[in-house]
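Here is the structure we will look at.
Any read-out appearing in this document is the output of simple, stated calculations on the displayed coordinates, not a laboratory observation. Note that the structure is predicted; figures quoted are calculated from it, not measured. In this analysis, Cβ positions are derived from the backbone assuming ideal geometry, glycine residues included, and neighbour counts consider all displayed protein chains.
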Amino acid sequence: MAVDVVAVCGSLRRGSYNRMLLGSAIERAPDGLHVEELPFRGWPVYDGDLEAEAYPEAVGRAKERLARADGLLLVTPEYNYGVPGPLKNAFDWLSRPPRETPLIGKPVGTIGASTGWGGTERAQLVWLYSFRFLHMPSFNRREVHVSMAAEAFDESGRLTNELFLKDLDAYLAQFRDWLEGLKRARR
Ligand SMILES: Cc1cc2nc3c(=O)[nH]c(=O)nc-3n(C[C@H](O)[C@H](O)[C@H](O)COP(=O)(O)O)c2cc1C
């Protein structure tokens, strides 16, 4: 019983370390775990009038895909010790309208890369507030904080730092096991 995870990478820039981290996660996903990116490029800034009058089709499609997934993985940069605006905006769209959001109760995990020492540790903690509001169980048994990211990847964008690779592999395997357990319990 493979578990299906959609992953949202919070950086839009070319050469993003978080995108590289997501690429490595997709490539290294162990048996029984399928990781697929859910893109959000081009989504407008959240606006209640837009929501009421012209709900973006791309958001609707993303919500359908997320509804079918067993879990969500946020690959999050850290901006000013907090969550990055573009990813929070995408998350906020996915949370609307409240009665129709696939985020409610969706199991979630976070990983991230930053050029500083913290490796997005603070941003990952800040995300917990939003998960709590939406009753999203969050995976906390392992953590991936890729710090000093400029030295952690090779020229082709693959994660090469041995310690972070170990963290990522352990995270993916245990995230899969955790999601499998939750999926079994729902049956
Ligand atoms: C607006 C802004 C705020 C930032 N704040 C932090 C921060 O609080 N902590 C940190 O470790 N890095 C911070 N950085 C540096 C990011 O870690 C770095 O830009 C990183 O490459 C962003 O992820 P990306 O490579 O996936 O785009 C900040 C960058 C930006 C653009």
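Miscellaneous remarks
- For segment 91-187, chymotrypsin sites (Phe, Trp or Tyr not before Pro) are listed when DSSP marks them as loop and at most 14 other Cβ atoms sit within 10 Å of their Cβ; the list is 117.
- By DSSP, the beta bridges lying fully in segment 3-186 are antiparallel in about 10 percent of cases.
- Ascending count of other beta-carbon atoms within 10 Å, so fewest first, for 148, 136: 148, 136
- Nearest-0.05 FRET efficiency for residue 162 and residue 58, computed from C-beta distance (R0 45 Å): 0.70
- For segment 65-76, 3J(HN,Hα) per residue [Karplus equation, 6.51 cos²θ - 1.76 cosθ + 1.60, θ = phi - 60°, Hz, x = Gly/Pro]: 5, 5, 4, 7, 7, 7, x, 10, 10, 9, 9, 10
- Rounded to whole numbers, the Karplus 3J(HN,Hα) couplings from phi for segment 130-140 are 5, 5, 5, 4, 9, 6, 9, x, 10, 7, 10 Hz, using 6.51 cos²θ - 1.76 cosθ + 1.60 with θ = phi - 60°, and x at Gly and Pro.
- HN-Hα J in Hz across segment 170-187 - Karplus 6.51, -1.76, 1.60, θ = phi - 60°, x for Gly and Pro: 5, 4, 5, 5, 7, 4, 4, 4, 4, 5, 4, x, 5, 5, 4, 5, 6, 5
- Residues whose amide H falls under 5 Å from that of residue 9, counting only those 5 or more places apart or on a different chain, are 38, 75, with hydrogens built in the peptide plane.
- Dipole magnitude for segment 3-186: computed about the Cα centre from +1 point charges on Lys and Arg Cβ and -1 point charges on Asp and Glu Cβ, it is near 380 debye.
- Sorted largest first, extent of segment 3-186 alpha carbons per principal axis (Å): 49, 37, 27
- Averaging Cα coordinates gives a centre for segment 135-176 and one for segment 27-51; these two points are 19 Å apart.
- Residue (of 39, 135, 12) at the positive-pole extreme of the chain, dipole from beta-carbon charges: 135
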